[in-house]
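**Q** One structure is given below, represented as structure tokens, and several questions about it will come after.
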Amino acid sequence: VIVGGEAFRRPVAEGLVERCAAEVRIFNEYGPTEAVVGCMIHEWDSEHDRGPDVPIGHASPGAEVFVLDAHQRRTPVGAWGELYVRRPGMAQGYLGLPDVTAERFVTVDTIGGPPLYRTGDRVRMERGALVYGGRIDDQLSIGGVRLEPGEIEAALVAHPDVTSAVVRVW
């Protein structure tokens, strides 16, 4: 079973084992659309993966992944940072959005090579695999669809009867 698109919770993996068979193999695949989707993969191990979420794992063949701090320096093992990825076929930017492209597709001097994609995802290395820790910004993913609360707020405030708006998820 290959799962992707949302954070993969451990209880869901355990439920799959119960429903399918003890012999089922479960893989968590991670990757943003900009990086040609499946750029990381992890085979779930019920004995070793004891956290609340199934790890997102290691870079798939051809992909490179880096965990960087707010100053774009590599983080030590176990420290939270932002996930940056690079792989062949990766997008080069967003059509008609040069500011967003410059913010998300960056060259990191300490790493070199072609630009990296800043995913906005918070990760850390734990027991030899990367673990997802949510977003570092306000972006939401609901059913695999990315939503920006700021864009929703702007649309609400554009209505003549609305003077201010705040979007929060609970």
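**Q** Name the residues in the stretch 81-92 that are surrounded by fewer than 17 Cβ atoms within 10 Å (Cβ to Cβ) and either farther than 17 Å from Gln139 by Cβ or touching a residue at least 60 places away in the same chain (Cβ under 8 Å) (or both), would you?
**A** First, the residues of the stretch 81-92 that are surrounded by fewer than 17 Cβ atoms within 10 Å (Cβ to Cβ): 88-89, 91-92.
Residues satisfying the conditions are Pro88, Gly89, Gln92.
Rundown of residues vs (1) surrounded by 17 or more Cβ atoms within 10 Å (Cβ to Cβ); (2) in contact with a strand residue (DSSP E or B) (Cβ under 9 Å, 6 or more places away or on another chain); (3) without any contact (Cβ under 8 Å) to a residue 12 or more places away in the chain, yes/no style:
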site	(1), (2), (3)
Tyr94	no, yes, yes
Leu97	no, no, yes
Arg122	yes, yes, no
Arg135	no, yes, no
Leu147	no, yes, yes
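**Q** How many residues are touching a Gly at 6+ places or on another chain (Cβ under 9 Å), over 13 Å from Leu83 (Cβ atoms) and either in a helix (DSSP H, G or I) or basic (Lys, Arg) (or both) when one looks only at the stretch 97-128?
**A** Qualifying residue count, the stretch 97-128: 4.
**Q** Phe66 is checked against (1) among the hydrophobic types (A, V, I, L, M, F, W, C); (2) more than 14 Å from the chain's Cα centre (by Cα); (3) buried (at least 16 other Cβ atoms within 10 Å of the Cβ) and fails just one. What number does that condition carry?
**A** In the conditions (1) among the hydrophobic types (A, V, I, L, M, F, W, C); (2) more than 14 Å from the chain's Cα centre (by Cα); (3) buried (at least 16 other Cβ atoms within 10 Å of the Cβ), Phe66 misses (2) alone.
**Q** Follow-up. Within the stretch 13-49, restricting attention to residues that are open to solvent by 40 Å² or more (accessible area, probe 1.4 Å) and in contact (Cβ under 8 Å) with a residue 40 or more places away in the chain, which residue is nearest to Ile111 (Cα to Cα)?
**A** Looking at residues that are open to solvent by 40 Å² or more (accessible area, probe 1.4 Å) and in contact (Cβ under 8 Å) with a residue 40 or more places away in the chain, I get Val36.
**Q** Within the stretch 149-170, how many residues are in contact with a helix residue (DSSP H, G or I) (Cβ under 7 Å, 6 or more places away or on another chain) and open to solvent by less than 60 Å² (accessible area, probe 1.4 Å)? Outline the logic, then answer.
**A** Applying the first criterion (in contact with a helix residue (DSSP H, G or I) (Cβ under 7 Å, 6 or more places away or on another chain)) to the stretch 149-170 yields 162, 164-167.
Now narrow it down to the ones that are open to solvent by less than 60 Å² (accessible area, probe 1.4 Å): 162, 165, 167.
Going through the stretch 149-170 one residue at a time, the tally reaches 3.
**Q** Under 24 Å from Ile2 (Cα atoms), in contact with a Ser or Thr (Cβ under 7 Å, 6 or more places away or on another chain) and not aromatic (Phe, Trp, Tyr): is that true of Leu83 in this structure?
**A** On the way: under 24 Å from Ile2 (Cα atoms): yes; in contact with a Ser or Thr (Cβ under 7 Å, 6 or more places away or on another chain): yes; not aromatic (Phe, Trp, Tyr): yes.
Yes: the conditions hold for Leu83.
**Q** Please pick out the residue among Tyr94, Tyr84 that is in a loop (DSSP other than H, G, I, E, B) and on the phi < 0 side of the Ramachandran plot. It would help to see each step written out before you state the result.
**A** Values: Tyr84 fails: in a loop (DSSP other than H, G, I, E, B).
Checking each option against the conditions leaves just Tyr94.
**Q** Another question, if that's okay. Consider Arg127 against the criteria (1) more than 18 Å from the chain's Cα centre (by Cα); (2) buried (at least 19 other Cβ atoms within 10 Å of the Cβ): it satisfies all of them except one. Which criterion is unmet?
**A** Going through (1) more than 18 Å from the chain's Cα centre (by Cα); (2) buried (at least 19 other Cβ atoms within 10 Å of the Cβ) one by one, Arg127 breaks only (2).
**Q** Six or more apart or on different chains, Cβ atoms under 6 Å: show the pairs whose first residue is in the stretch 61-74 and on the phi < 0 side of the Ramachandran plot and whose second is at pLDDT 95 or above and among the acidic types (Asp, Glu).
**A** Between residues of the stretch 61-74 that are on the phi < 0 side of the Ramachandran plot and residues that are at pLDDT 95 or above and among the acidic types (Asp, Glu), the close pairs are Leu68/Glu82.
**Q** For Gln72, which of the numbered conditions (1) open to solvent by less than 60 Å² (accessible area, probe 1.4 Å); (2) over 22 Å from Val131 (Cα atoms) fails to hold?
**A** (2)
**Q** Output the number of residues of the stretch 6-44 satisfying the condition of being over 18 Å from Glu82 (Cα atoms) and part of a loop (DSSP other than H, G, I, E, B).
**A** Of the residues in the stretch 6-44, 9 are over 18 Å from Glu82 (Cα atoms) and part of a loop (DSSP other than H, G, I, E, B).
The values are calculated or read from the model by the stated rules, or taken from the named source; none is laboratory data. Bear in mind the structure is a predicted one, so any value in this text is a computation, not a measurement. Neighbour counts are summed over all protein chains in view; Cβ atoms, including those assigned to glycine, are modelled from backbone coordinates with ideal geometry. When the accessible area is computed, the model is the full protein with side chains, heavy atoms only, and any ligands, DNA or RNA have been set aside. Shrake-Rupley method; radii C 1.70, N 1.55, O 1.52, S 1.80 Å.
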